[in-house]
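Here the structure is laid out as structure tokens; the discussion comes afterwards.
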Amino acid sequence: MPAPGKALFTEGAAVVKEQAYFMRAAIDRSLLEDALFHAASMVGELRTDLLSAVEYYELYAAVFDELQHL
């Protein structure tokens with residue numbers, strides 16, 4: 001059985017990828033409020049203490065790589 005942190009990391013990474021897609025689509029349509037909503041959803045994925053330090057950093061790096069598009 002995989003560790004609970006690994007499952008949370010996988011789920012968090014999928015949410016970040018999905019929200020990044022929607023954020024970029026909103027930016028392309030010049031919908032700033034929607035883009036900020038999706039950006040906040042990505043940042044919200046960082047609100048956990050159940051990930052290992054390495055997993056948390058990987059998720060953090062993915063979120064902030066995507067936020068550069070704002």
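The values are calculated or read from the model by the stated rules, or taken from the named source; none is laboratory data. Remember, predicted model here, so these are calculated numbers, not experimental data. Neighbour counts are summed over all protein chains in view; Cβ atoms, including those assigned to glycine, are modelled from backbone coordinates with ideal geometry.
I'd like to check something: does segment 45-54 contain any residue that is in contact with a Leu (Cβ under 7 Å, 6 or more places away or on another chain) and under 23 Å from HIS69 (Cα atoms)?
So far as segment 45-54 goes, yes, one or more of its residues are in contact with a Leu (Cβ under 7 Å, 6 or more places away or on another chain) and under 23 Å from HIS69 (Cα atoms).
Pairs needed: first member in segment 23-40, surrounded by fewer than 15 Cβ atoms within 10 Å (Cβ to Cβ); second member anywhere, of a type in the set (A, V, I, L, M, F, W, C) and in a loop (DSSP other than H, G, I, E, B); C-beta distance under 8 Å; at least 6 residues apart or different chains.
Listed pairs, sorted by first residue: LEU36/LEU70.
Here is a check on your reading of the model: is LYS17 modelled with pLDDT under 95 and either part of a helix (DSSP H, G or I) or in contact with a Cys (Cβ under 9 Å, 6 or more places away or on another chain) (or both)?
So LYS17 does not fit the description; no.
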